[in-house]
Amino acid sequence: MDKLIISNLSKTYDNGVKALDNVSLEIPTGMFGLLGPNGAGKSTLMRTIATLQDADEGKIMLNDIDVMAQKIEVRKILGYLPQQFGLYPRISAIDLLDHFAILKGLTQRKQRKEIVTALLQKTNLYEVRKQKLGGFSGGMKQRFGIAQALLSNPKLVIVDEPTAGLDPKERNKFYDLLSEIGEHAIVILSTHIVDDVKELCTRMAIMNQGQVVLEGKPLLLINQIKNQVFQKIIDKKEIAGYRAAYNVINERHYLGEPIIQILSDSDPERGFIPSQVGLEEVYFTQLSK
Ligand code: ADP
């Protein structure tokens, strides 16, 4: 079993933004969801783990490799799919993957061909392998990104905001692929989309303003607040009063009416009814703090 241990990681950018504030996490083999709003520090953490930038303080260990000190060792067993994955539009999928394979040091022609073919099949791109990447859909591009990330048979796979712009069908295909990889590797999925984590991840953390504000197994985290979330359809004019009186974690509309959800240890009465609790509610409790 592989393990990634992040200890007391902090990073302040030159402009004074503290993107990571004493972040500690233990991530075992399997799918790990890192959830947080834009600006939470997720990409900074992902890039640091992927050896693309350093933190000011703290340590990251991947098994017995010190990530920030032994970057070359890490890169040999790392697969990284960044938020923006640049592709050469006029090259075919198979040619570009072959090219990346050479860069990864797979110099033996026969072995390389076998690996490239297997990865194109695994990512469901074999049929379209001779097509130019410029004509690929968002989902196909992401799957190509995964194919290149898997070239080194990685122990650690990092995917940053992978489902943005994918339609539901493409997203499902992508989820299936990731879960398969998660059977044998540490997969960290960074996202602001609760559904991504809900469907895939056995462990998760929520980040906000550079800090890890909650961590655990999604189901346990849901159970912790199961009987503490209540909801009520209210009049728009009353919203400020409710905000002052309760811990309002979410405001949205339901069939055109404003509806609020609150977190409360005891029954708030006044027409509130118990709310169904899922990962969204867990997430909202953390963001509303
Ligand atoms: P997320 O991926 O969760 O959206 P980021 O790690 O991209 O979060 O950003 C965290 C914070 O750091 C944000 O406030 C962002 O504006 C800031 N930030 C990110 N990269 C840089 C940079 N290179 N220079 C200065 N500030 C940055």
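The values are calculated or read from the model by the stated rules, or taken from the named source; none is laboratory data. Note that the structure is predicted; figures quoted are calculated from it, not measured. Every residue, glycine among them, receives a Cβ derived from its backbone with ideal geometry; neighbour counts consider all protein chains shown.
Descriptive notes on the structure:
- Filter result for the condition that a residue is away from the ligand (no atom under 16 Å from the Cβ), among the basic types (Lys, Arg) and in a loop (DSSP other than H, G, I, E, B), over Lys169, Lys130, Lys141, Lys173: Lys130
- With respect to the conditions (1) in contact with a Lys or Arg (Cβ under 9 Å, 6 or more places away or on another chain); (2) closer than 20 Å to Thr163 by Cβ, Pro89 lacks only one, and its number is (2).
- Tally, over segment 68-87, of residues that are out of contact with any strand residue (DSSP E or B) (no Cβ under 7 Å at 6 or more places or on another chain) and within 13 Å of the ligand (Cβ to nearest atom): 1
- Condition check for Ile181: touching a residue at least 12 places away in the same chain (Cβ under 8 Å) and more than 24 Å from Gly41 (Cβ to Cβ): yes
- Annotation: Asn208 fulfils all but one of (1) more than 18 Å from Leu78 (Cβ to Cβ); (2) modelled with pLDDT under 90; the unmet one is (2).
- Residue that is surrounded by fewer than 20 Cβ atoms within 10 Å (Cβ to Cβ), closer than 28 Å to Leu9 by Cα and assigned by TED's automatic domain parsing to the domain that holds Ile193, where the choices are Pro154, Pro82, Pro162, Pro89: Pro82
- When we screen Val116, Val74, Val128 for residues that are modelled with pLDDT of 90 or more, assigned by TED's automatic domain parsing to the domain that holds Gly39 and more than 21 Å from Gly182 (Cα to Cα), the only hit is Val128.
- Assessment of segment 135-148 against the conditions (within 21 Å of the chain's Cα centre (by Cα), closer than 20 Å to Lys104 by Cα and free of Cβ contacts under 8 Å to residues at least 40 places away in the same chain) yields at least one matching residue.
- Thr123 meets the conditions (1) within 16 Å of the ligand (Cβ to nearest atom); (2) within 23 Å of the chain's Cα centre (by Cα); (3) among the polar types (S, T, N, Q) in every case but one. The failed one is (1).
For (1) within 27 Å of Lys289 (Cα to Cα); (2) surrounded by fewer than 17 Cβ atoms within 10 Å (Cβ to Cβ), each residue gets a yes or a no:
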| site | (1), (2) |
| --- | --- |
| Leu4 | no, no |
| Asn15 | yes, yes |
| Ser24 | yes, yes |
| Leu35 | yes, no |
| Asp54 | no, yes |
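- Filter result for Lys104 (of a type in the set (Lys, Arg), surrounded by 13 or more Cβ atoms within 10 Å (Cβ to Cβ) and in contact (Cβ under 8 Å) with a residue 12 or more places away in the chain): yes
- Residue match in segment 234-242 (condition: of a type in the set (A, V, I, L, M) and buried (at least 17 other Cβ atoms within 10 Å of the Cβ)): yes
- Unique residue being part of a helix (DSSP H, G or I) and touching a helix residue (DSSP H, G or I) at 6+ places or on another chain (Cβ under 9 Å) when the list is Val187, Val116: Val116
- Filter result for Ile188 (among the hydrophobic types (A, V, I, L, M, F, W, C) and within 23 Å of Asn124 (Cβ to Cβ)): yes
- Any chance Ile65 is away from the ligand (no atom under 16 Å from the Cβ), assigned by TED's automatic domain parsing to the domain that holds Pro154 and under 19 Å from Gly210 (Cβ atoms): no
- A count restricted to segment 63-78 and to residues that are more than 16 Å from Leu103 (Cβ to Cβ), touching a residue at least 60 places away in the same chain (Cβ under 8 Å) and part of a helix (DSSP H, G or I) stands at 1.
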